Amino acid sequence: CVLPIDNQSLFDIISKIDLMVNSGKLGTTVKPKSLVTSSSGALKTRHKKPFDAMNNIVANLLLNLTSSARFEGSLNMDLNEISMNLVPFPQLHYLVSSLTPLYTLTDVNIPPRRLDQMFSDAFSKDHQLLRADPKHSLYLACALMVRGNVQISDVRRNIERLKPSLQFVSWNQEGWKTSLCSIPPVGHSHSLLALANNTCVKPTFMELKERFMRLYKKKAHLHHYLQVEGMEESCFTEAVSSLSALIQEYNQLDATKNMPVQDLPRLSIAM
Amino acid sequence: MSIVTVQLGQCGNQIGFEVFDALLSDSHSSQGLCCKRENEAYQASCKERFFSEEENGVPIARAVLVDMEPKVINQTLSKAAQSGRWKYGQHACFCQKQGSGNNWAYGYSVHGPRHEESIMDLIRKEVEKCDSFSGFFIIMSMAGGTGSGIGAFVTQNLQDQYSNSLKMNQIIWPYGTGEVIVQNYNSILTLSHLYRSSDALLVHENDAVHKICAKLMNIKQISFSDINQVLAHQLGSVFQPTYSAESSFHYRRNPLGDLMEHLVPHPEFKMLSIRNVPHMSENSLAYSTFTWAGLLKHLRQMLISNAKMEEGIDWHVRPPLSGLPSLGKMSLNKDLHFNTSIANLVILRGKDVQSADVEGFKDPALYTSWLEPVNAFNVWKTQRAFSKYEKSAVLVSNSQFLVKPLDMIVGKAWNMFASKAYIHQYTKFGIEEEDFLDSFTSLEQVVASYCNL
């Protein structure tokens with residue numbers, strides 16, 4: 001499976017964090033070293049190296065993705081389980097990721113409200129690492145990888161709470177995969193990585209196709225590619241048609257979005 | 001006679017640890033409410049069933065641990081060793097580095113055959129250590145890849161290689177709202193295979209045990225460890241030694257055999273559930289007193305109304321009046337539904353147990369017409385109390401209680417199957433659409449049979 005990540009989203013995230021930190025709104029409750037973006041604590045100055053901060057977020061994503069395979073937990077999950085559970089059809093293997101929290105508070109005993117806030121944040125548009133809004137599109141599947149002192153009852157409570165506001169495809173109404181890892185990331189008491197197979201990736205692909213077609217129609221820059229041994233124009237046309245097919249699949253799924261869930265007739269047994 | 005436990009996957013291993021721990025701490029408990037000689041006989045019987053002796057006196061659990069990744073087994077082994085009171089055999093485990101990816105097909109078709117020899121070898125060694133061998137107790141979950149897939153494969157192998165021994169599978173029914181997205185597929189594949197190769201399926205639903213933790217035990221932040229401890233308590237109250245019917249001076253020799261004989265009269269009906277009273281947190285226990293009459297009344301109503309725990313029992317449900325024609329096919333949508341039983345076993349432990357009156361369970365209206373209550377109902381009474389409860393009663397029941405959950409899982413799996421979602425993950429490893437259809441057919445058959453009781 002593929003986890004597309006958008007530089008624009010990453011930049012938006014670090015700017016937001018910057019804004020919050022520099023405006024002093026967070027006060028003394030935020031631990032300076034706990035920011036997902038900080039590598040060496042340079043706080044007050046505007047980010048001179050934004051790519052470092054952005055890459056830091058991606059690095060954290062990878063850490064959280066593999067944490068359950070590296071550390072113990074009450075419900076382990078490895079990379080194979082991710083592709084097994086989140087890829088219902090071979091072509092639809094693009095996952096939107098979101099990471100929370102992006103900073104921590106000094107208060108060690110996080111009351112359930114803050115914990116629940118972490119879950120809500122994971123589904124908000126601002127925390128996605130791709131410019132997409134999963135809440136208003138159709139979910140095919142969703143995985144929640146939790147780290148830290150979070151138990152199964154907390155996860156269940158939050159799933160129950162958030163389910164009504166999310167739309168799942170008709171054949172996967174309870175399409176949640178959860179994993180619990182006991183060891184939290186450095187500087188945090190708990191964290192959540194949400195991976196969603198959601199039709200909200202469609203606009204990203206459509207935009208990509210549009211930008212591609214703008215250049216391709218004029219055959220701009222094409223000769224540089226065609227000069228290379230083995231590269232032919234058919235590669236371009238195949239790429240476009242494959243992308244179009246993918247967009248079409250997402251369209252078909254979206255069309256089923258608001259349809260009522262119907263139970264299909266079951267096998268009947270002669271007694 | 002001894003029981004060999006096979007713990008499969010993360011779930012199986014985590015639960016297995018809690019079960020052995022509960023069994024041993026109960027057998028060493030000082031609140032047995034009986035004389036010393038009695039207590040020693042109890043301990044000896046418990047030890048013989050579940051543990052083998054080592055030189056320096058630390059009992060070793062008669063268990064084989066199997067998992068496709070090492071972390072859980074390592075944790076389980078060290079937790080047992082840390083307790084100081086018991087441990088697992090050093091070479092009793094088999095693990096790989098890879099995991100099964102929640103894929104039943106991978107567990108059944110790839111891991112199973114690949115590691116068949118090593119796993120069966122370990123099991124054989126454990127069986128050979130027993131002086132007299134009663135059967136297997138296999139702990140697994142339905143939702144994952146290892147427990148479900150390898151569990152199904154191993155049980156089939158055990159049926160081939162140990163056809164004279166009994167096999168009881170302890171299955172964990174996953175939460176209704178997702179732990180694993182493909183849990184419904186994994187569940188129906190597991191259940192249909194186990195129905196053919198296992199002798200009895202003892203089912204625990206995560207949702208039900210979760211409610212027990214929340215409502216009866218008052219645990220605020222429920223962890224899997226809490227859930228597993230409740231489970232272990234229930235299993236312990238069934239598997240700890242009980243008197244045999246013939247003489248009240250000897251503990252029963254063949255628990256598995258007796259359980260099967262009483263509860264599985266017909267191979268079409270294999271699903272068993274456990275309900276126990278009372279069950280509460282230690283704090284509450286200090287302030288509670290119980291009477292046998294009260295406990296048994298609650299237990300009977302729990303059976304009739306299909307309640308999973310002592311709280312929130314629906315007292316309106318009543319058995320149908322005898323003499324009326326049977327109500328025909330059970331409607332799955334009826335609210336006030338009466339739970340018909342095939343067979344029931346009540347195990348009573350504790351003070352004044354001989355005075356407990358179980359007549360309420362012998363009512364023919366509770367049972368299906370083709371079995372007389374005298375054959376359908378049994379009671380085992382033991383003086384020695386279990387785990388801090390002065391009086392405790394546990395009901396092991398073969399009844400219609402699982403029809404609704406089974407129907408739901410089959411329904412959800414069917415909907416998903418109709419859209420062909422995730423099927424490519426299974427066909428990759430040799431489980432084809434026909435295999436799915438076979439599973440659906442067998443389970444629809446089971447649902448129909450139970451409905452028509």
Tell me, please, whether a residue that is within 18 Å of B:SER134 (Cα to Cα), free of Cβ contacts under 8 Å to residues at least 24 places away in the same chain and assigned to a helix (DSSP H, G or I) can be found in segment B:187-205.
no
Looking at the structure I just gave you, is A:ALA132 open to solvent by less than 50 Å² (accessible area, probe 1.4 Å) and more than 8 Å from every other protein chain (Cβ to nearest Cβ)?
yes
Do the conditions hold for A:LEU215, that is, is it assigned to a helix (DSSP H, G or I) and either farther than 23 Å from A:ASN197 by Cα or more than 25 Å from the chain's Cα centre (by Cα) (or both)?
yes
Output for segment B:121-142, where each listed residue is touching a Phe, Trp or Tyr at 6+ places or on another chain (Cβ under 7 Å) and not in a helix (DSSP H, G or I):
B:MET142
Just give me the residues in segment A:65-79 being in a loop (DSSP other than H, G, I, E, B), surrounded by fewer than 21 Cβ atoms within 10 Å (Cβ to Cβ) and more than 7 Å from chain B (Cβ to nearest Cβ), in sequence order.
A:PHE71
From the option list B:ILE212, B:ILE222, single residue qualifying as under 20 Å from the mean Cα position of the chain (by Cα) and open to solvent by less than 10 Å² (accessible area, probe 1.4 Å) is B:ILE212
Quick one: B:ALA81 ticks every box in (1) crowded, with 21+ Cβ neighbours inside 10 Å; (2) assigned to a helix (DSSP H, G or I); (3) away from chain A (no Cβ under 14 Å) bar one, so which box is it?
(1)
Given (1) more than 20 Å from the chain's Cα centre (by Cα); (2) within 14 Å of chain A (Cβ to nearest Cβ); (3) of a type in the set (A, V, I, L, M), identify the lone condition not met by B:MET120.
(2)
Output for Cβ contacts, cut-off 8 Å, separation at least six or different chains, first residue of a type in the set (S, T, N, Q) in segment A:228-257, second surrounded by 14 or more Cβ atoms within 10 Å (Cβ to Cβ), reads A:SER244/A:LYS209; A:ASN251/A:LYS202; A:THR256/A:LEU138; A:THR256/A:VAL169; A:THR256/A:SER170
Hits in segment A:236-271 (condition: open to solvent by 50 Å² or more (accessible area, probe 1.4 Å), part of a helix (DSSP H, G or I) and of a type in the set (A, V, I, L, M, F, W, C)):
A:ALA239, A:ALA245, A:ALA255
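Filter segment B:388-431 down to the residues that are part of a strand (DSSP E or B) and of a type outside the set (Ser, Thr, Tyr) and list them by number.
Passing the criteria: B:LYS391, B:ALA393, B:VAL394, B:LEU395, B:VAL396, B:ASN398.
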Any hit, segment B:439-449, residues being more than 10 Å from chain A (Cβ to nearest Cβ), in contact with an Asp or Glu (Cβ under 7 Å, 6 or more places away or on another chain), surrounded by fewer than 21 Cβ atoms within 10 Å (Cβ to Cβ) and at negative phi
no
Give segment A:1-21 a look and list any residue that's open to solvent by less than 70 Å² (accessible area, probe 1.4 Å) and either in contact with a strand residue (DSSP E or B) (Cβ under 8 Å, 6 or more places away or on another chain) or at pLDDT below 65 (or both), or say none.
A:VAL2, A:LEU3, A:PRO4, A:ILE5, A:SER9, A:VAL21
Looking for something at pLDDT 65 or above and either closer than 30 Å to B:ALA105 by Cα or part of a loop (DSSP other than H, G, I, E, B) (or both) - is there at least one such residue anywhere in segment A:32-55?
yes
Taking segment A:136-186 and keeping only residues that are among the small types (Gly, Ala, Ser), open to solvent by 10 Å² or more (accessible area, probe 1.4 Å) and facing chain B (nearest Cβ under 8 Å), one is left with A:SER153, A:SER170
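So, B:ILE227, is that one in contact with a Pro (Cβ under 7 Å, 6 or more places away or on another chain), part of a helix (DSSP H, G or I) and under 24 Å from B:LEU201 (Cβ atoms) or not?
no
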Given the conditions (1) more than 14 Å from chain A (Cβ to nearest Cβ); (2) crowded, with 23+ Cβ neighbours inside 10 Å, which single one is not true for B:LEU231?
(1)
Restricting to segment A:97-108, and then to whatever is under 19 Å from A:SER124 (Cα atoms) and open to solvent by 20 Å² or more (accessible area, probe 1.4 Å), can you tell me which residue is modelled with the highest pLDDT?
A:PRO101
On the given criteria, is B:GLN159 open to solvent by 30 Å² or more (accessible area, probe 1.4 Å) and either in the same structural domain as B:GLY350 (by the TED database) or in contact (Cβ under 8 Å) with a residue 24 or more places away in the chain (or both)?
yes
The conditions are (1) open to solvent by 20 Å² or more (accessible area, probe 1.4 Å); (2) in contact with a Gly (Cβ under 7 Å, 6 or more places away or on another chain), and B:ARG384 fails exactly one of them. Which is it?
(1)
Pick from segment B:55-78, criterion within 14 Å of chain A (Cβ to nearest Cβ) and more than 15 Å from B:ASP21 (Cα to Cα), ranking: most open to solvent (accessible area, probe 1.4 Å)
B:ASN74
Quick test for you: out of B:ILE15, B:ILE3, pick the one residue that is surrounded by 24 or more Cβ atoms within 10 Å (Cβ to Cβ), under 15 Å from B:ILE138 (Cβ atoms), in contact with a helix residue (DSSP H, G or I) (Cβ under 7 Å, 6 or more places away or on another chain) and not charged (D, E, K, R).
B:ILE15
Output the residues belonging to segment A:80-96 that are facing chain B (nearest Cβ under 8 Å) and either more than 17 Å from B:GLY144 (Cβ to Cβ) or open to solvent by 50 Å² or more (accessible area, probe 1.4 Å) (or both).
A:ASN80, A:VAL87, A:PRO88, A:PHE89, A:PRO90
Condition met for B:SER187 (crowded, with 22+ Cβ neighbours inside 10 Å and within 14 Å of chain A (Cβ to nearest Cβ)):
yes
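The values are calculated or read from the model by the stated rules, or taken from the named source; none is laboratory data. Note that this is a predicted model, so its numbers are computed, not measured. Don't worry about glycine lacking a Cβ; one is built from the backbone with ideal geometry, like all the others, and counts go over all protein chains shown. Calculation scope for accessible area: heavy atoms of the full protein, side chains included, ligands and nucleic acids excluded. Shrake-Rupley method; radii C 1.70, N 1.55, O 1.52, S 1.80 Å.
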